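Reading through the structure tokens given below for one structure.
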Amino acid sequence: MTLKGTRPNPRGGLPRLDPETRYGLEFLEASAAELARRCSGADEADAWASVVQDFVAFPRSPEGLQPALLLAHAREIGGAAGAALTAALAAYGPKRSQTAARRQLDQMKSSGDVPPWVAEMGRATPVEAFLRRDEWGEECEITIHYQRPGGSLHGLLVDINWFMCGAARGFDLVSERDLAIWPADLEPDERGRTAVEPVSLADARALCLRALDIYTSLISNDELEMLQDGLDFEGMHLSFVAQHRLDLLPEGGTDAALFPAEAPDRSVALEEFRRAARSACEGDDELSSLISGLQVFASLCRDGDVLHWNPCRVDAFMEGFVADYSPADVPLGPEFDESRPEVFDRVFMSTVESAFPRWLRFAAEHCEPSNEHLEENLHVAAEGFEDWRIAVREYERTQVGAPELWLPRSA
């Protein structure tokens, strides 16, 4: 049997490599040699080993170098570079190849000088975990501390979005030096909240896996293509080491610290707001469009609560969301995928200027967290309206025979 990426040698002996396979092996050999020359420790080596897996054939991604072929090449290279490639497969490679990789690494250790950072790749014991949130309780990170066999610490950071349903949006490896200066003030603020709070290792696993599952479900949903820009993931090159570290955590935790069991039903409150007295400048269709926008926006927030508002949410809603719900914001034609967000519909914008602050006051009356931030929320909304006015004036200056645009009373 011939390994994938190779051809039988008509003269016997080792199979010949096809150009693509040869290039992959030579590239990883050069990368491992460079790592061996400059490696600062196991943290850097782990990050490098995670990237190596992008070149390896896994059951879910069969394209790539076969693990057995890469192990044979690492054995032929020998030295620190060969040991690094072997350790990368032993720690983060396909499960079926890890035993053989560990056996080869043990042989290398016994017969040669293997750097300490090679021996520590993939070896970590979880110690503690923390949940950090911003002042609004929105932006949050899970940081899990791990200890190396030699006693040094490092951390895995998982960034969790408050928007996009709470999808994970980034990995990072935190060195011991950075952990030492990492803020861990557990004293509550004047509102009784802590910026950083300890969580159990099991809960940390549950929170991170929930956020990653949400990311996967959103990114694979073709119907949500318009949301792809909001799902940019940082640190994807660390995905293999991150998965390894999360697998070390105990199961049985809960994700309730960030994710409610289900979004609250606010249909009664929304209907009450719809029926409430309103200004004559608020159009019926435009108000319905605004309410639809509020509901969709809330469904994308981690808690799904349309009554929960703070400056962070108000800013996001005003800056990049509500304008798309204008009844006049229609596609230019079947050959175009983009709409006309630069053309501001006068009635809709007047409706939003009147109804959205009214909604924020309504939400404050029905939701305690919103009441805490009401004045700040109204201030951020006012700034958003001013940005709209600037955009309208800029648009008007660039148009010849421009249509009637939204020009507020204060314009």
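The values are calculated or read from the model by the stated rules, or taken from the named source; none is laboratory data. Please read all numbers here as calculations on a predicted model, not as lab measurements. Heads up, the Cβs are rebuilt from the backbone with ideal geometry, glycines too, and the neighbour counts pull from every protein chain shown. Side chains included, ligands, DNA and RNA excluded: accessible areas come from the protein's heavy atoms. Shrake-Rupley method; radii C 1.70, N 1.55, O 1.52, S 1.80 Å.
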Inset, instruction - Subtracting the Cα-Cα distance from 0.36 nm times the residue separation, let me have the gained length for Gln243 to Glu20 in nm, one decimal. - result: 77.4 nm
Inset, instruction - Give, in nm to one decimal, the length gained when the segment between Ser279 and Asp324 is fully stretched (0.36 nm per residue of separation minus the Cα-Cα distance). - result: 14.0 nm
Legend entry - Solvent-accessible area per residue, Å², over the stretch 9-131 with all protein chains present [probe radius 1.4 Å]: 51 Å²
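Explain nothing, just the number: dipole magnitude of the stretch 350-393 about its Cα centre with +1 on each Lys and Arg Cβ and -1 on each Asp and Glu Cβ, in debye rounded to the nearest 20.
300 debye
Provide the gained length on full extension for the span Val296 to Val347, in nm with one decimal, where the gain is 0.36 nm per separating residue minus the Cα-Cα distance. Don't skip to the answer; put the middle values down first.
Working: separation 51, 0.36 × 51 = 18.36 nm, distance 2.10 nm.
So the chain would gain 16.3 nm between Val296 and Val347.
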Legend entry - Most to least packed among 113-122, 21-30 [average Cβ atoms within 10 Å]: 113-122, 21-30
Inset, instruction - Pop the C-beta distance of Asp113 and Ser200 into the FRET formula with R0 = 30 Å and round what comes out to the nearest 0.05. - result: 0.15
Legend entry - Exposure rank, largest accessible area first [Ile181, Ile142, Ile390; 1.4 Å]: Ile181, Ile390, Ile142
Legend entry - Only Lys, Arg (+1) and Asp, Glu (-1) charged, at Cβ; the stretch 21-84 dipole about Cα centre in debye: 140 debye
